[in-house]
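Structure in structure tokens, see below.
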Amino acid sequence: MGDGQTRFGHIYRRHYGDIRRFVGRRVAEGDVDDVTAEVFVVVWRRLSESPAGDRLLPWLYGIARRVLSNEFRRVRRAHALAEHVAAQPAEPAGTDHAAAVADRLAMAAAFDRLREDDREVLRLVAWENLTSAEVATVLGCARTTAAMRINRARRRLLDALRRGASRELRGGSAVAAAEGAKR
Amino acid sequence: MKHTEQHIRELMGPLDPMRDDERAAVPPPHPTGIIDTEQPAARRHRPRARTRRAVLAGAAATVLVAGGLVWTTAGPNAPEGYAATPPLLEITPPQRDLPAAERLHAIADRAEVSGVPKGAPGQTEYIKMENWYLHSQIDNSGTVSVIQPSTFRLWRHADGSGRSVIRAQPPQFRSEAGREKWAGDTSGSERVHRWGAGERTYYWDERPPVDADALRRWLRQRPSGQTEPLRTFSAITDLLRNRVLLPQERAAVLRVLAELPGMRYNGTTRDRAGRPGRAFSLESDGSGLPTRYTFILGPDNGRFLGYEEMLTTSAGKLNVPIPSVISYSIFLERKFVER
């Protein structure tokens with residue numbers, strides 16, 4: 001087995017789940033496996049460019065983003081986040097269950113109201129767990145630009161939450177929680 | 001900047017639509033089915049749909065072969081005469097020396113409010129596991145070891161009835177001589193067990209207690225020839241193999257683990273399905289040889305991803321190097337489903 005296959009096997013085994021989750025957050029369920037496979041086609045083609053260590057995963061996410069941008073005309077996009085949250089089965093009842101669901105729905109609705117570039121930054125930080133430096137690698141921009149975009153996306157999320165809360169929430173519990181976490 | 005990132009994670013993390021995705025696990029490599037390692041024909045321009053299918057097969061083949069080498073050739077580093085065993089977990093030690101108990105209690109607190117798995121008692125519990133064992137037969141002429149991988153699936157209905165399916169792959173031998181010497185079935189098999197309500201009370205009809213002290217007593221009700229802390233550790237693995245735990249129940253199990261004497265936190269790792277996790281272990285020679293028993297937990301919600309056994313200082317008459325993993329189990333799915 002060649003070095004290339006060995007390295008590809010290592011990358012595939014170690015990061016298949018990361019890439020599949022990345023794709024699954026952005027496209028409809030039925031297209032996730034196909035797009036994930038497409039990402040690894042490109043990874044195989046560009047294996048000689050793959051960086052080592054901590055830079056590998058952001059590099060893979062960068063490839064996945066480019067594959068998705070090519071595929072978005074063909075594949076179905078993921079449901080709106082609020083739709084996904086609302087579709088979750090009921091959890092075992094707790095005293096604060098209804099309030100918690102309302103908070104999550106409010107947050108998801110606020111997320112859905114943002115522009116796609118803000119949503120993408122939030123996904124990368126919150127769900128792919130990337131630092132600003134890694135976000136810069138994925139987006140192909142400078143670190144300072146990435147940091148600015150992260151700050152801006154958070155501010156817009158909170159603004160969207162406030163606007164939603166003024167219309168929808170009684171008592172603004174989601175906003176209070178968000179502001180509490182901010183302090 | 002870190003504060004901003006952390007704040008975003010706190011706000012958005014719980015909404016991750018892929019948070020509970022189990023299928024993201026790459027199946028662990030199996031020794032059977034070694035297939036041609038045709039490279040993905042990426043440089044040739046095939047129609048797109050065909051290319052996708054090709055890379056899935058190609059990638060899987062590469063992974064299978066990469067893992068298959070471990071035992072089909074006894075591993076690149078396994079000395080001649082040794083049975084092949086899986087690579088040791090790659091564990092990154094913690095930077096802060098927090099006691100395991102403190103970490104486990106913190107994970108238990110998160111597990112309790114995680115909302116994972118969804119569902120509730122009254123639904124069918126479904127578990128899918130991949131298991132890997134080193135089986136050895138020892139006599140005066142030496143030791144023959146085989147690798148035995150299997151898939152275990154279990155459906156347990158609310159009334160206690162259910163079924164399990166164990167698909168065992170053919171045992172893997174290092175040599176034809178070993179195969180001829182082996183006293184046992186050398187073919188693969190699929191065994192299906194069905195049972196009615198009340199027929200398997202050994203595996204607990206009632207839900208586990210959610211109070212840690214009550215749970216500890218409840219686990220010790222099981223007959224066992226083992227001494228503590230291995231007795232409780234083994235009762236927990238039995239419980240995990242047979243029941244899907246609610247978040248509060250899983251939290252109680254983690255709190256029981258936290259108080260087991262000798263429990264240590266090893267660090268962060270990835271399980272054998274490639275999922276990130278935290279490794280906690282204890283060591284015991286209660287089974288005859290000094291062994292490290294390790295649980296791998298999901299870092300955020302304390303899901304049990306798997307557990308394994310590793311010989312640490314002596315292999316006895318087993319023909320394995322030291323240290324060696326001699327068994328592992330990974331939970332690929334644990335959830336409530338409609339009957």
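The values are calculated or read from the model by the stated rules, or taken from the named source; none is laboratory data. A quick note: this is a predicted structure, and the numbers were derived from the prediction, not measured. Please note: Cβ atoms are built from the backbone with ideal geometry, for glycine as well, and neighbour counts cover all protein chains shown. What goes into the accessible areas is simple: the full protein's heavy atoms, side chains included, and nothing from ligands, DNA or RNA. Shrake-Rupley method; radii C 1.70, N 1.55, O 1.52, S 1.80 Å.
Per-residue Cβ counts within 10 Å, from other chains only, averaged over A:13-23: what number is that?
Values: counts 15, 5, 3, 9, 12, 4, 1, 6, 7, 2, 2.
For this peptide, the per-residue mean of nearby foreign Cβ atoms is 6.
Along the Cα-to-C-beta direction of residue B:220, a point sits 7 Å from the Cα; which residues of the range B:243-275 have their amide N less than 19 Å from that point?
B:252-263
Between residue B:339 and residue B:176, with labels modelled 7 Å along Cα→Cβ, what's the label distance in nm to one decimal, could you check?
So the two model labels end up 5.3 nm from each other.
So, in nm, how far is label residue B:317 from label residue A:69 when the simple model puts each one 7 Å beyond its Cα toward the Cβ?
The two pseudo-label positions are separated by 6.5 nm.
I'd like the FRET efficiency for residue A:163 and residue B:92, computed as 1/(1 + (r/R0)^6) with the beta carbon distance as r and R0 of 30 Å, rounded to 0.05. Please list the in-between numbers first.
On the way: r = 43 Å, r/R0 = 1.42.
E(calc), rounded to 0.05, equals 0.10.
Using 7 Å Cα-to-Cβ label points, what is the residue B:189/residue B:285 separation (nm, one decimal)?
Distance between label points: 3.5 nm.
Sticking with this one: What figure, in Å² to the nearest 10, do you get for the accessible area of residue B:189 with a 1.4 Å probe and non-protein molecules left out?
40
Right, something else. Ordering A:66, B:217 by accessible area with a probe of 1.4 Å, largest first, what comes out? Could the numbers behind the result be given before it?
Values: A:66 115, B:217 150 Å².
Largest accessible area first, the list is B:217, A:66.
I've got another one for you. Provide a whole-number value for the mean count of partner chain Cβ atoms within 10 Å of the Cβ atoms in peptide A:41-47. Each step should come with its number before you reach the end.
Working: counts 12, 2, 4, 9, 4, 1, 1.
Mean partner-chain Cβ count within 10 Å for A:41-47: 5.
Also: If R0 is 25 Å, what FRET efficiency do you get for residue B:259 and residue B:113 from their C-beta distance, rounded to 0.05?
Working: r = 21 Å, r/R0 = 0.83.
So the FRET efficiency works out to roughly 0.75.
I'd like the mean, over residues of A:119-127, of how many other protein chain beta carbons sit within 10 Å of each residue's own Cβ.
The per-residue average across the peptide is 5.
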